[in-house]
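Below is one structure, written out as structure tokens; the observations come after it.
The values are calculated or read from the model by the stated rules, or taken from the named source; none is laboratory data. This is a predicted model, so every value here is computed, not measured. Every residue, glycine among them, receives a Cβ derived from its backbone with ideal geometry; neighbour counts consider all protein chains shown. To get the accessible areas, we keep the full protein, side chains included, count just its heavy atoms, and leave off ligands, DNA and RNA. Shrake-Rupley method; radii C 1.70, N 1.55, O 1.52, S 1.80 Å.
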Amino acid sequence: MDLLTLKELTREQIDELLCLADEMKRVPENYYETLKGKILVMLFEKTSTRTRTSFEAGMVQLGGHAIYLDWKSTQLGKAKLADEIKCIERYADIMMARVYTHESIQEIAGASTKPVINALCDKYHPCQILADLMTIREHYGKLEGLTLAYLGDGNNVCNTLIIGCKKMGMKINVATPKGYEPLEKPDLLTNNPKEAVKGADVVYTDTWVSMGQEEEKEKRMKIFPPYQVTKELLGKAIFMHCLPAYRGLEVTDEVIDSKQSVVFDEAENRMHAQKALMVKLLKEW
Ligand code: CP
Ligand code: NVA
């Protein structure tokens, strides 16, 4: 089984994964040999801090090994992607890839007989959202019935949040400028950030300029400022951001540094959630 969008998992599977991730966070030593001898190959077409480090650290904690490959120092990007993957999979038990287009992650999954995890593409970021659901559950003790408001660009993180929140019985409101709406359908879609944050338990944002959109930066900087998460918009909700954050743009210092901000728990939980994901993909699903 592959994880490309988060649509692949049922609510029950996500629940099981989050329980295992909680347990791994609580007693990591019980899992030191769970993936002994297994090899994770990590393919990066774009840069990363959290995804790379959390996957590699997680695999080592499970007794396995991780190999990092990028497009610059390998033949990836030169030859047909599927041919390169058919070779790499002979050395790997499981693969993850961060690529520009969703078509590339589909090509990788199509060429590999081993499980493939999408570590971010232009449309989806499922690993991030598994860690986010874990973080929200950790904070509120539940997911069902909570409301998440996402402000800003209707990007890969927003699309996957919509899938994840709806699957887990949460309500999701999204406020974006006109023309920047997500592909997936939230419960409430508006251009008004004040309307979106009404009754929100979680306020979430992400960069206004994702990797690959650098040429649009100037235009986006003029359009997005009304969607900045301020103390007023945050209200009593917790603040979430996948990071890296651009302080003073999508979020103020005051908000990201406040007690309501759980951004570093989110970053830590990437590792726990991905450890649980790799174990489930290799042993159960
Ligand atoms: N949130 C996230 O995916 O971070 P990196 O780009 O640093 O991996
Ligand atoms: N939307 C951002 C997320 C980075 C983790 C991007 O794709 O660049």
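Of the residues making up the stretch 138-158, those that are away from ligand 2 (no atom under 16 Å from the Cβ) and either more than 17 Å from GLY169 (Cβ to Cβ) or not in a strand (DSSP E or B) (or both) number 9. Residue-level analysis places LYS142 outside the set of residues that are touching a residue at least 12 places away in the same chain (Cβ under 8 Å) and either among the β-branched types (Val, Ile, Thr) or surrounded by fewer than 21 Cβ atoms within 10 Å (Cβ to Cβ) (or both). Sub-6 Å Cβ pairs linking a first residue in the stretch 251-270 that is closer than 17 Å to GLY58 by Cα and open to solvent by less than 70 Å² (accessible area, probe 1.4 Å) to a second residue that is modelled with pLDDT under 95 and within 16 Å of ligand 1 (Cβ to nearest atom), at least 6 apart or interchain, number zero. Inspection of the stretch 211-232 finds no residue satisfying the criterion of being open to solvent by 40 Å² or more (accessible area, probe 1.4 Å), closer than 18 Å to ILE136 by Cα and among the charged types (D, E, K, R). Here HIS241 passes the criteria (1) open to solvent by 10 Å² or more (accessible area, probe 1.4 Å); (2) touching a strand residue (DSSP E or B) at 6+ places or on another chain (Cβ under 8 Å); (3) within 16 Å of ligand 1 (Cβ to nearest atom) except the one numbered (1).
Report yes if GLU45 is open to solvent by 40 Å² or more (accessible area, probe 1.4 Å), within 16 Å of ligand 2 (Cβ to nearest atom) and more than 15 Å from the chain's Cα centre (by Cα), otherwise no.
Values: open to solvent by 40 Å² or more (accessible area, probe 1.4 Å): yes; within 16 Å of ligand 2 (Cβ to nearest atom): yes; more than 15 Å from the chain's Cα centre (by Cα): yes.
Judged against the criteria, GLU45 is a match.
Test VAL197 against the stated conditions and say whether it is open to solvent by 20 Å² or more (accessible area, probe 1.4 Å), in contact with a strand residue (DSSP E or B) (Cβ under 9 Å, 6 or more places away or on another chain) and of a type in the set (Val, Ile, Thr). Quick ask: steps written out before the conclusion?
Numbers: open to solvent by 20 Å² or more (accessible area, probe 1.4 Å): yes; in contact with a strand residue (DSSP E or B) (Cβ under 9 Å, 6 or more places away or on another chain): yes; of a type in the set (Val, Ile, Thr): yes.
Here the answer is yes, as VAL197 does meet what is asked.
Would it be correct to say that MET59 is outside any helix (DSSP H, G or I), within 16 Å of ligand 1 (Cβ to nearest atom) and either closer than 14 Å to LEU281 by Cβ or touching a residue at least 24 places away in the same chain (Cβ under 8 Å) (or both)? Answer is no for this residue. Somewhere in the stretch 65-74, is a residue open to solvent by less than 50 Å² (accessible area, probe 1.4 Å) and either away from ligand 1 (no atom under 16 Å from the Cβ) or modelled with pLDDT under 95 (or both)? There is at least one residue in the stretch 65-74 that is open to solvent by less than 50 Å² (accessible area, probe 1.4 Å) and either away from ligand 1 (no atom under 16 Å from the Cβ) or modelled with pLDDT under 95 (or both).
Only one of the numbered conditions (1) in contact with a helix residue (DSSP H, G or I) (Cβ under 8 Å, 6 or more places away or on another chain); (2) open to solvent by 10 Å² or more (accessible area, probe 1.4 Å); (3) closer than 18 Å to ASP265 by Cβ is violated by PRO182, and that is (3).
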